[in-house]
Each structure stands twice: as structure tokens, then as C-alpha cells.
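The values are calculated or read from the model by the stated rules, or taken from the named source; none is laboratory data. Computed from a predicted structure; not experimentally measured. All Cβ positions, even for glycine, are placed from backbone atoms using ideal geometry, and neighbour counts span all protein chains on display.
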Amino acid sequence: MIGSYLKTSRRSLVRNKLFSFINIFGLAVSMSVGLLVIAFVSDLRSYDDFHEKKDRTYRVITTYQTPEQPSMDLASTSVKVGKKIREAVTGVEDVAILRNGFGGDATVGETNVPLDGLWADASFFKVFTFPLLEGDPATALKEPYSLVLTEKTAKKLFGDVDPLGKSVRMDTLTYKVTGLLKDVPKLSHLQFEALASFSTTDAQFARKDPNFYNWDNIWQNYVYLVLPKNGDPQVVQTTLDKLNKQENTQLASKKISISASLQPLKTIALGRRMDNPIGPTMTPIVVWVLSGLAFVIILSACFNYTNLSIARSLRRSREVGIRKIIGALKSHVLGQFMAESVIISLLALVFSFALFLFLRTEFLSLSPFIERVVSLQLSVQLIFYFIGLATLVGLAAGFLPALFLARINPVQVLKDVSGLKLFRHITMRKVLIVMQYTFSLIFIATTLISYKQYRGFLTLDLGFKTENILNIRLQGNKGDVLAKELAEIPTVREMSKSMMITSLGSIHGTSMKYKNPQDSAMVWLNLVDEHYLPVHQHKMVAGTNFTLRPKKGEESEIIVNEQVLKRFSIARRNPLKALGEQVVVDKKNLTIVGVLKDFHYGTVEKKIEPVMFRYSADEPGGFLNVKISATDLPATMERIETAWQKVDKVHPLDAKFYDDQIEEAYSQFSVMIKVIGFITFLAICIASLGLFGMVVFTTETRLKEISIRKVLGASERSLVYQLSKGFLALLVVATLVALPATYFFFDGVVLTNFAYHQPIGLGELLTSVLIIMLLAFVLIGSQTLKAARKNPANVLKSE
């Protein structure tokens, strides 16, 4: 029986080459996207799988809340949480405490290598399964100034020499290598080149910072715990809730609330986005959107198969009738056509796999973030997933046609079942065509609207200028020394120094008070020098730039934006009268000497918030902002590279133009547009293939009608109209469904998350209709015109 199914399916494929091509090509293209999504999700779900205790390992996360601001979820927590869990919480097997920020230039003899790592306590290897190639996992991170290196890092520092017991110089400290670690797998949310013993922080931080072990010191520390087998995380959470209540009572005077809770290790990589992440995170909504898009594309290809199969049911009905007359049961007919559908789907899988290999490279190159997060490497499990997808698609695509054909009555074997009514006057084929083109219109409109929003973000007035400003990361070097070298370059016009680069998404803030000591608010901050505001052309509403260049510890001036005046009602929000008023920041009384016009400190989709600029007598920190002439940029960059080499021979120059950094900050939108645009292209191709197949079949079955009409005097134009009006009416219905749905979805759901966005215009919506209509006219017109031009004598001679 199976052999009969295969033989019949092969003959049907060969006999109907055009329809077979449309089905196989459509399914192949759509499934390639499905394969990509499966590989992507498989990688995300495989994060941290190599840890032996992964199913009972949890991270302690923090919810931080103040009266003025909504709650903020942090992946980080306090060291005190870890110590309290270790001391007071029963039912916990092990606790590991980590801290980020370990790193710098590692020196061994004449070798100098930049190093990035974590502080980790002695329980690290009890919680996580990172295999040590050398050293004792129980003691490797126990003593202060102990250092564990990965294979790759050890190779850079020591070459082929055994690093165990050797010394590594980090700034002014000397560490002893106590362990050699196998390189960290890519699918690990913890990524590091080295681990330093957490006990070292007692000497480096705790003795200098009295707040180091406070409950509210939550910004750089991470705590993980392992439950015993069959342990109940709810029991631990109940104890944590009690600790939260006790500690928050002591924080009442600060008007902040800090609550610790548990997050399973396996939900970190594919879970909700939190501030202060220690590894990559992909929110489930992204996966759902990608999966939804892939599902729609595969569904569209399945519609093609269903449409064409039902349309050709008249030709297959005789075959079914004969089979039933000679004894075939309904289940046999159903099995035959389902098998045929699965065979076509498996054939399509071969082509879709080749497309997947191509798309994989393109997908990974969309964004450095994606390339860093996933690898999309093939595995045996993944191959089985692919085969499973192809089988499911084949069964889904073939179910309705198989069901229709299996229900054919041999007595009515000549009946055309393609007109099976779902509702009165609505056929299955019409519903599927409308759905296909509705999806296509939604995709096109979504792409156009998203692109308009993206361009709007890039061109929105930030409140300051970024043209031709090159931001150079100082990497520990003195800004004044580098500035002196760059001043020799004729095309360098101005320079300033800043702690951070604003409008890219990074934020740094501190508490500010005005006259009421009980009223404080978080105000975003940047430390700058006196050249920063002129270089970036910030607009001063009142006052002046910094008038003093204070010595260390003698800071007295501050510049704020209009939102600060609004938040504290300073001088009744009058910028001129606000000059000379004092605010308290970090226990310092600072005088307002300038008020800036509001500008975007964070990314432009967020509301403008209170911001302050403070003058730093020390190096402001991170960046030298260099404004250069637009002429001969390659030569200028070459001279800047030479100047950098004079200052720093170890670190490569890290310099980016401000405009490029802004574009990178919105790369997620760029990636989204590219993905949706690609899906749109596929949806149009698949829908158009289906429409083409339906038009070809319809014109073939109506050739005699066309010939008779022509003999009776119908013109080619009227024949084209007569044959195409039904399809065009379906496109109009799709338009009436798709455009309002797209508009209300963006206006009522998507764009409500963006404080500053472009309005949705008729242009984007009508352009999508124009594109679809144009394609439909070409497809329908070409085939119907071809049929209308046939000689009636040749068509009717057999009648």
C-alpha cells in the first residue's frame, strides 16, 4: 500500500510540473525561515545546559523602588543577600557570590594583555560546572589574590608554559595563578577571561567603602544558589520575603524598597530583560514574534498547497472514484493524499536546508549582538527538529485536500468539490486567498511604518549636535596627554572630556535634594569639562558654562536642564531666577550656574528626564570628544591612530563617530526592519506564486468559455476584466481587513511604548496596497491576456 502511495505521488508530481514547483518552492522558502527560528530558539534554550545542577540553580534578583519612580528589576543584588542566605536560610546546598568589574591590563614579564573577568568566591565551582584543567576547585578561589585563568587567556600571557603557581600583575597588585579553566562555552550567560578570588575585595573595596556590605549596595554584585535535590524554591523565597521586610524597615528613612527574589538559571538567557545584566538576555516576546512570522509564512505556503490541491480536485476525483469502486476505504484515500503531501514537504526540506545554510550566515551578520548570543550550529537533535517540522507542515498542508478528496462519492465522481462552502457564497479558496494577501499587506505596511519610525529616531533633534564628533575611549589613559598629541592635527577643531556618551542608552545617576531634605530624586548625570557644552552645542536657556575650574574636592557649580527645575519647582521653574540656587548632590552644596534646554540623555523613545552636568577636577573618566573637520576623514583617522600609538602601545584605538554610535544604539530596530522586510518579501513571493497558480488553473478551465465569448464578439479587454475581477475583488477585501488592523495595532499598541514617534501616514498604508495591486495586475493580466489571445478555432475544434 505504501509503495502504491509513493508511486502515485511520483506520477502526480511529474504530471503537474508547474503546480508541483509552486508547492515545493513555496514550502521550501517558508520552511527555511522555520528552520532558522528553530535553530535560534534551540540555542537560547540550550544556554547553561552544561551545568550539572542547572535544574536546581537560581539567581537572586532585585526589585528596586522609590516613591517617585516605578519599580526597577535588577539582575544584580547585594553581597549581604548572599551572606544572609548562607547564614540564615535553610534548604540551600551552596551559595556563590560574584562581582563584576575585575579587569585591566595583566602583565607577565614583557607581555601585557587586557583582561576582563569577575570576582568569585570559593563556592563558585560548587555551584557551576566550569571544568578546571589544573588546580583544586575547592581551594582555587579561597585565598586573597588568587587568580583562575581560561586556557585562551593563559596562552596569551604564558604561551606554552604551565601557568599554575605563576604571578600576574594587575595594576599595582600581584595575583597568583591557582587554576587553569577550560574555555567558557559560548552558550553560557557568564562570560569571563579570568576569575579573581572574592576575598580580595575585602582589602580592595570593603575596607575603603563602609557601604560595601549594605543591603542597598545592589549595583555590581550577583548571587547564585543551589537547592538540594527535591528542594522547594518557595520555601527559600518565603525566608527571603522575611529578610526583605526586615531590611526594608531599616531603609525606610531613605524612602527606598529593595526586595530579593529567585530566578531559575534556565530562564536567564531566554527571559525578561533586567537592568545590570551579567550576560546576554533575549526576551520571550522576540522569540514569539519571530516564531509568529515564521508560522504565518509557513501557513501561507500551506494555503498555496491547499488552494491548488482543491482547485485540481476535479482532475483527481476520477482517480479517487476508481479507487473507491475497486474497494479502497476512506482511510486509504486519506492516507494516500496525506502521504503525497508529506513527500512534497520532505522534498521541500532538502531545498529549505540549503536556503537555511545561506540565511544562517546572513542572520548572524545582522547584528554583533546576535552573533555574540547564538551560533546556530547543526546538531543531531536539530536535524530531528527539522525533519519533524517538515512532517508537520506536510500533514497540515495536506489535511484539508485529503479530507475533501476522501469524502468524494463515486456516484458523483465528476462533481467539482472545489466549491465547498464554508459560509454562504464564500468558498474555501476565496478565504485562503484573502488571508494570504491580508498577511502580505500587513507585512508591507509594518515594514514601511517601522522604517519611518527608525529614520525618525535617527534624525530626531537630540537637543545638541553630534556631527563630526569622534568619541575616543581613553582606556585608562590621561585625556590631557592624548589631547596634546591630537592638537597637532590641523583637522582637529575642538576637544572635550566626558565620563560617558549620552543618548545611547547608558545611564548614570545620583540623588539630588533641594530645600526639603526629605525630598530627593534620582537625577541623571554626566561628568564633563568646560569644553563639553560648546563642542556639542548645547542650548543654554539661562546662565553660563562652568565659570570655575575647581581643584580636587572643591566642586561648587552645577548645570541642570529644565526638567530639574520642574521636578523640584526651583524658582517656580523660571530659569533666570534659578541661577544661584543651591542643590545638594552627594552631600555637596552645589550652585546652579546654568540651565540647559531639555535634551535627550537616554534613548529617544523614552521621555526626557532631569539631567545634571558636573565639573570633574579629576579625569572625567571615559572619553575624549574630538570635533574634526569633515574634509579628508581617512587621512585624519590615520593621524589620530598615530597619535594614539604614542600614548598607548598596548590597547588598540577605540574610536567611533557619534552619529555611528547613535545608529548602533538603534540597531535592534534596524535588525527588526530587516527581518520583517525579508519576511515581507517571502510572504509576497509565496502569495504571488499561489495567485499565479490559481490564475493559470482558472484560465485553463475557462478556455472554452473564453473562446465562446470571443466568438460572440467580446474584446480582449473585456475578457481580461471578466477573468480578473474576482481576484481583484478578493484583494480589495484583503485591503479593507489589513490596513485598519495594521493602523490600530501600531497606533494603539506598538507606538504607545515610545514617547517620541512619527505619526502614521496614509503614504505607508497606501503604498502597501499599490505594491500588492501592481503585482496582482501583472500576474493576473499576463495570464488572462494570454488566454484571451488564443484562437477560438483551436480551442473549440474538438467540440
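Of the residues that make up segment 114-137, is at least one farther than 25 Å from residue 48 by Cβ and assigned by TED's automatic domain parsing to the domain that holds residue 213?
At the first step, the residues of segment 114-137 found to be farther than 25 Å from residue 48 by Cβ are 114.
With assigned by TED's automatic domain parsing to the domain that holds residue 213 added as a condition, the list becomes 114.
Scanning segment 114-137 turns up at least one residue that is farther than 25 Å from residue 48 by Cβ and assigned by TED's automatic domain parsing to the domain that holds residue 213.
In segment 249-268, which residue that is in contact (Cβ under 8 Å) with a residue 12 or more places away in the chain and in a helix (DSSP H, G or I) is surrounded by the most Cβ atoms within 10 Å (Cβ to Cβ)?
Here is the first cut: in segment 249-268, the ones in contact (Cβ under 8 Å) with a residue 12 or more places away in the chain are 250-251, 254-266, 268.
Subset that is in a helix (DSSP H, G or I): 250, 254, 265-266.
Numbers: 250: 11, 254: 13, 265: 23, 266: 18.
My answer is 265.
Right, residue 568: among the aromatic types (Phe, Trp, Tyr) and farther than 25 Å from residue 461 by Cβ or not? Quick ask: steps written out before the conclusion?
Working: among the aromatic types (Phe, Trp, Tyr): yes; farther than 25 Å from residue 461 by Cβ: yes.
Yes; evaluated as a whole, the condition is true for this residue.
When the residues of segment 386-400 are narrowed to those that are surrounded by fewer than 16 Cβ atoms within 10 Å (Cβ to Cβ) and not aliphatic (A, V, I, L, M), which ends up nearest to the chain's Cα centre (by Cα)?
My answer is 388.
Whether any residue in segment 709-716 is buried (at least 19 other Cβ atoms within 10 Å of the Cβ), part of a helix (DSSP H, G or I) and of a type outside the set (D, E, K, R) is what I want to check. So that I can check it myself, show each step before the final result.
The initial filter retains those residues of segment 709-716 that are buried (at least 19 other Cβ atoms within 10 Å of the Cβ), namely 710.
Right, trim to part of a helix (DSSP H, G or I) and you get 710.
Now drop any that are not of a type outside the set (D, E, K, R), which leaves none.
Within segment 709-716, not a single residue is buried (at least 19 other Cβ atoms within 10 Å of the Cβ), part of a helix (DSSP H, G or I) and of a type outside the set (D, E, K, R).
What about residue 122, is it surrounded by 17 or more Cβ atoms within 10 Å (Cβ to Cβ) and touching a residue at least 40 places away in the same chain (Cβ under 8 Å)? Break it down into steps so the answer makes sense when it comes.
Details: surrounded by 17 or more Cβ atoms within 10 Å (Cβ to Cβ): yes; touching a residue at least 40 places away in the same chain (Cβ under 8 Å): yes.
It is true that residue 122 is surrounded by 17 or more Cβ atoms within 10 Å (Cβ to Cβ) and touching a residue at least 40 places away in the same chain (Cβ under 8 Å).
Filter segment 329-358 for residues that are small (Gly, Ala, Ser) and surrounded by fewer than 19 Cβ atoms within 10 Å (Cβ to Cβ); which is modelled with the highest pLDDT?
Filtering segment 329-358 for residues small (Gly, Ala, Ser) gives 331, 335, 339, 341, 345, 348, 352, 354.
Next, only the ones that are surrounded by fewer than 19 Cβ atoms within 10 Å (Cβ to Cβ) stay: 331, 335, 354.
On the way: 331: 68, 335: 70, 354: 90.
Among those residues, the one meeting the criterion is 354.
Report the residue count in segment 202-237 for those that are of a type outside the set (D, E, K, R), exposed (fewer than 13 other Cβ atoms within 10 Å of the Cβ) and either in a loop (DSSP other than H, G, I, E, B) or not assigned by TED's automatic domain parsing to the domain that holds residue 127 (or both). Quick ask: steps written out before the conclusion?
So the first thing to find is which residues in segment 202-237 are of a type outside the set (D, E, K, R), and the list is 203-206, 210-215, 217-228, 230-231, 233-237.
When the remaining residues are screened for being exposed (fewer than 13 other Cβ atoms within 10 Å of the Cβ), the result is 203, 210-211, 228, 230, 234.
Now drop any that are not either in a loop (DSSP other than H, G, I, E, B) or not assigned by TED's automatic domain parsing to the domain that holds residue 127 (or both), which leaves 210-211, 228, 230.
Total meeting the criteria: 4.
Which residues, counting only those in segment 453-469, are crowded, with 17+ Cβ neighbours inside 10 Å and assigned to a helix (DSSP H, G or I)?
Once the filter is applied, which keeps residues that are crowded, with 17+ Cβ neighbours inside 10 Å and assigned to a helix (DSSP H, G or I), segment 453-469 yields 453, 454, 457.
Looking only at strands (runs of 3 or more DSSP E) that fall completely inside segment 574-645, which ones have 1 or more residues that are closer than 18 Å to residue 533 by Cβ and under 37 Å from the mean Cα position of the chain (by Cα)?
Numbers: elements: 582-585, 588-596, 611-615, 623-628.
It comes to 588-596, 611-615, 623-628.
Among the residues of segment 475-489, which ones are on the phi < 0 side of the Ramachandran plot and at pLDDT below 90? Talk me through it step by step, then tell me what you get.
From segment 475-489, those on the phi < 0 side of the Ramachandran plot are 477-489; that's our starting set.
Those that are on the phi < 0 side of the Ramachandran plot and at pLDDT below 90: 477, 478, 479, 480.
Could you check, for segment 251-269, whether at least one of its residues is under 24 Å from the mean Cα position of the chain (by Cα) and under 30 Å from residue 173 (Cα atoms)? Steps first, answer last, please.
Looking only at segment 251-269, we keep the residues that are under 24 Å from the mean Cα position of the chain (by Cα), and these are 263-269.
Then drop every residue that is not under 30 Å from residue 173 (Cα atoms), which leaves none.
No, segment 251-269 contains no residue that is under 24 Å from the mean Cα position of the chain (by Cα) and under 30 Å from residue 173 (Cα atoms).
What are the residue pairs meeting all of these: first residue in segment 646-664, first residue touching a residue at least 40 places away in the same chain (Cβ under 8 Å), second residue part of a helix (DSSP H, G or I) and hydroxyl-bearing (Ser, Thr, Tyr), Cβ atoms under 8 Å, and 6 or more apart or on different chains?
Pairs found: 663/670.
Quick one: count up the residues across segment 484-520 that are crowded, with 19+ Cβ neighbours inside 10 Å and part of a strand (DSSP E or B).
Residues that pass the stated criteria total 7.
Considering only segment 380-422, state which residues are more than 27 Å from residue 296 (Cβ to Cβ) and either modelled with pLDDT of 80 or more or aromatic (Phe, Trp, Tyr) (or both).
Answer for segment 380-422, where residues must be more than 27 Å from residue 296 (Cβ to Cβ) and either modelled with pLDDT of 80 or more or aromatic (Phe, Trp, Tyr) (or both): just 380.
Residues are listed down the side, and each one gets a yes or a no for (1) small (Gly, Ala, Ser); (2) under 27 Å from residue 507 (Cβ atoms); (3) modelled with pLDDT of 90 or more:
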| residue | (1), (2), (3) |
| --- | --- |
| 604 | no, yes, no |
| 613 | no, yes, yes |
| 634 | no, no, no |
| 639 | no, no, yes |
| 643 | yes, no, yes |
| 646 | no, no, yes |
| 655 | yes, yes, yes |
| 666 | no, yes, no |
| 671 | no, yes, no |
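Of these, 78, 42, which one is under 29 Å from the mean Cα position of the chain (by Cα) and within 30 Å of residue 292 (Cβ to Cβ)? Step through it out loud before you land on a result.
Values: 78 fails: within 30 Å of residue 292 (Cβ to Cβ).
So the residue among 78, 42 that is under 29 Å from the mean Cα position of the chain (by Cα) and within 30 Å of residue 292 (Cβ to Cβ) is 42.
Out of 720, 769, 795, report the one residue that is buried (at least 16 other Cβ atoms within 10 Å of the Cβ), in a helix (DSSP H, G or I) and at pLDDT below 70.
Details: 720 fails: at pLDDT below 70; 769 fails: at pLDDT below 70.
795 is the lone residue from the list that is buried (at least 16 other Cβ atoms within 10 Å of the Cβ), in a helix (DSSP H, G or I) and at pLDDT below 70.
Suppose we keep only residues that are of a type in the set (Val, Ile, Thr) and either within 21 Å of residue 227 (Cα to Cα) or in contact with a Cys (Cβ under 6 Å, 6 or more places away or on another chain) (or both) within segment 125-159. Which one would you say is surrounded by the fewest Cβ atoms within 10 Å (Cβ to Cβ)? Even if it seems obvious, please write down each step before you answer.
Our first condition is that a residue be of a type in the set (Val, Ile, Thr); within segment 125-159, this holds for 127, 129, 139, 148, 150, 153.
Okay, now just the ones that are also either within 21 Å of residue 227 (Cα to Cα) or in contact with a Cys (Cβ under 6 Å, 6 or more places away or on another chain) (or both), so 127, 129.
On the way: 127: 23, 129: 14.
In this case the residue turns out to be 129.
Looking only at segment 433-464, which residues are modelled with pLDDT of 80 or more, among the hydroxyl-bearing types (Ser, Thr, Tyr) and within 30 Å of residue 599 (Cβ to Cβ)?
Matches in segment 433-464: 450, 451.
Can we say residue 109 is over 29 Å from the mean Cα position of the chain (by Cα), surrounded by fewer than 18 Cβ atoms within 10 Å (Cβ to Cβ) and not β-branched (Val, Ile, Thr)?
For residue 109, the condition - over 29 Å from the mean Cα position of the chain (by Cα), surrounded by fewer than 18 Cβ atoms within 10 Å (Cβ to Cβ) and not β-branched (Val, Ile, Thr) - is met.
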